[in-house]
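Right, one structure below, let's go through it.
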Amino acid sequence: MSSHIEAHEHGEEHASMSKGKIWQVFFILLGITVVEFFIALYMVPKDIIGVNIANPVYIILTLFKAFYIVAYFMHLKFEKVGLVYSIVVPILFIIGLILVLTNESHYWVDLKKVFENL
């Protein structure tokens, strides 16, 4: 009996993911991809937008796409808050670790140049 109730509750959580919502998310992802291709194939080669501006825009658009894929197609949007935090918080720590290690790698390269000049 309890498994029937749990299955019913689980079905209600995902009931909002209808065919219309799937198509809506699809077209949002398609739109973001079209913008990325437009920037990469038209704006950057014609020097309308520089690479220094295009790269952060690509990263932001890719993060939006990643959010939609994880939230809707991997059903993370419909999960409990604890599960979401258990996935998001370690990812944020990993991103922070990558940024710190990137900064430290520049320090070691600069230090190597100092010792080569001695």
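Below, the figures for the structure above:
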{"item": "Subset of region 1-45 that is at pLDDT 85 or above and part of a loop (DSSP other than H, G, I, E, B) - its residue that is nearest to P56 (Cα to Cα)", "result": "V44"}
{"item": "For E104: the one exception among (1) surrounded by fewer than 13 Cβ atoms within 10 Å (Cβ to Cβ); (2) touching a Lys or Arg at 6+ places or on another chain (Cβ under 9 Å); (3) of a type in the set (D, E)", "result": "(2)"}
{"item": "Flag for L118 being assigned to a helix (DSSP H, G or I) and of a type outside the set (G, A, S)", "result": "no"}
{"item": "Test for E36: is it surrounded by 10 or more Cβ atoms within 10 Å (Cβ to Cβ) and among the charged types (D, E, K, R)", "result": "yes"}
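The values are calculated or read from the model by the stated rules, or taken from the named source; none is laboratory data. None of these values were measured; they are calculated from a predicted model. In this analysis, Cβ positions are derived from the backbone assuming ideal geometry, glycine residues included, and neighbour counts consider all displayed protein chains.
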